[in-house]
Amino acid sequence: MCEFCTQHGEGKKWYLNVKNYAAELLNDPKRRSMIKNFYKEVVDQGNNNITRLEKMFQRDPKLLERIREAYTQEMKSMHFGQILPLEEVAKVVSICNTAVRLPCGCRWAYNKQEARVCFGISFGMPDWFSELDMDFFGSPDVAQFDHLDREQVIAIIKELDKQGMVHSIWTFQTPFIGAICNCELKSCLAMRSTVGLQMPLMFKSEEIAKIDAEKCTGCQECLHTCQFNAIEYVEADNRSQINPKSCFGCGVCRESCPEEAIHLVERRTHPVASSIW
Ligand code: SF4
Ligand code: SF4
Ligand code: SF4
């Protein structure tokens, strides 16, 4: 299990521990202030920061070595995520009692596209997301956003899964959990940092993909779906295989396989990936 499970899971996966959604956590004034200013200070500033780091990285990759660990550590206490396959998203949604579809801050920062693919989720308390300052998006009121029931949330996220979007869960001052996201590499600040800059802002999922060599016909459809470049085609065998060091366990490649040759296994049982987060 990942570091957050050990610290905040109380024997469960951390995102299934209802204490991490609790109203008492929301009462912390520092957290309330962070939530209010989230879009402006984290996403807007975050986009500038990541773009600056990407330029720095292109000029001199070694410069980043010095700040990598400190940056990740700081973000672990502030706003950190974990990839979740669809089945785990369904488990989270089943313990939450409200969900509202919010605009994606990263896509807005990237190209001013308002894509409502983030889900503010809460358990046993008034909606925390009503405190978000939405001026960033030209002041729509949170009340205007879709309040959805569990089935609706799952149906929409299933559709996004088919489109190849990667699902993730997020803290707002760890361990408080507030959102499920559906992301793509080109616009997601967290993925750009985690994958492009090798400065993780999210853990890999508790699972990892495997390809059944008996079923794989080598069609290579799955290669185009993986946003982490974790699937390799082995020409000599005419089949594909997963690179266990690169696989984030998002599970979206499964949908692309006409032979149903890809499945997820528990990361902790994998001989190579069990300690790679
Ligand atoms: S983490 Fe993903 S869904 Fe959430 S705001 Fe960023 S790109 Fe959008
Ligand atoms: S190979 Fe791994 S990272 Fe790539 S899509 Fe499949 S589960 Fe996700
Ligand atoms: S999509 Fe399925 S059958 Fe095609 S290469 Fe990938 S694992 Fe093999």
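Only the coordinates and a few stated rules stand behind these numbers; no lab work does. Keep in mind it's a predicted model, so treat the numbers as computed, not measured. Using ideal geometry, Cβ is built from the backbone for each residue, glycine included, and neighbour counts are taken over all protein chains shown.
At 0.36 nm per residue, and after removing the present C-alpha to C-alpha distance, how many nm does the segment from Lys215 to Gln152 gain when stretched out fully?
Details: separation 63, 0.36 × 63 = 22.68 nm, distance 3.34 nm.
In short, 19.3 nm is gained.
How big is D for region 1-47, in µm² s⁻¹ as a whole number, if Stokes-Einstein is applied with the Kirkwood radius of its Cα pairs at 25 °C and 0.890 mPa s? Please list the in-between numbers first.
Numbers: Rh = 12.3 Å.
The estimated diffusion coefficient comes to 200 µm²/s.
Grab the eigenvalues of the alpha-carbon gyration tensor for region 207-275, scale each by 5, take roots, and send me the semi-axes largest first in whole angstrom. Can you show the working numbers first?
Working: eigenvalues 67, 30, 25 Å².
With the √(5λ) rule applied to region 207-275, the semi-axes are 18, 12, 11 Å.
At 0.36 nm per residue, and after removing the present C-alpha to C-alpha distance, how many nm does the segment from Met1 to Gln163 gain when stretched out fully?
Values: separation 162, 0.36 × 162 = 58.32 nm, distance 2.81 nm.
Between Met1 and Gln163, full extension yields an extra 55.5 nm.
Across bins of 5 angstrom width beginning at 0, how are the C-alpha pair distances of the chain distributed, in whole percent?
P(r) over the chain, rounded to whole percents: 1, 6, 12, 16, 19, 18, 13, 9, 5, 2, 1, 0.
Excluding same-chain residues fewer than 8 positions from Lys215, which lysines have a Cα within less than 27 Å of its Cα?
Candidates past the 8-residue exclusion: Lys158, Lys162, Lys204, Lys245.
Counting DSSP beta bridges with both partners in the chain, what percentage is antiparallel, nearest 5?
Numbers: 27 of 29 bridges.
Restricted to the chain, the bridges split so that about 95 percent are antiparallel.
Mark the label point 7 Å from the Cα of Ala90 along Cα→Cβ and return the residues of region 243-273 whose backbone N is within less than 15 Å of it.
251-252, 254-255, 264
What is the projected area of the convex hull of the Cα atoms of region 1-147, averaged over all directions, in nm²? Don't jump to the answer; show the numbers that get you there.
Details: hull surface 40.4 nm².
Averaging across all directions leaves 10.1 nm² for the Cα convex hull.
What ranking, highest mean first, results for peptides 176-184, 68-76 when packing means the other Cβ atoms within 10 Å averaged over each residue?
On the way: 176-184: 24.1, 68-76: 14.8.
Descending mean neighbour count gives 176-184, 68-76.
For the peptides 1-14, 89-102, 198-211, what is the packing order when you average, over each peptide's residues, the other Cβ atoms within 10 Å and list the highest mean first? Walk me through the numbers on the way to the answer.
Numbers: 1-14: 16.6, 89-102: 18.4, 198-211: 22.1.
With the highest mean Cβ count within 10 Å placed first, the list reads 198-211, 89-102, 1-14.
Starting from 0.36 nm per residue, how many nanometres of slack lie between Tyr233 and Asp133 once their C-alpha separation is accounted for? Each step should come with its number before you reach the end.
Numbers: separation 100, 0.36 × 100 = 36.00 nm, distance 4.61 nm.
In short, 31.4 nm is gained.
Could you work out the local net charge near Tyr233, counting Lys and Arg as +1, Asp and Glu as -1, over the other residues with Cβ closer than 12 Å to its Cβ? Please list the in-between numbers first.
Details: positive: Arg239; negative: Glu221, Glu232, Glu235, Asp237.
Local net charge: -3.
Could you tell me which residue out of Pro103, Gly251, Thr174 lies farthest along the dipole of the chain toward its positive end? Charges go on the beta carbon: Lys and Arg +1, Asp and Glu -1, centred on the Cα centre.
Thr174
If the only charges are +1 at each Lys and Arg Cβ and -1 at each Asp and Glu Cβ, what is the size of the charge dipole of the chain around the Cα centre, to the nearest 20 debye?
Details: 33 positive and 37 negative charges, 154 e Å.
Dipole about the Cα centre, nearest 20: 740 debye.
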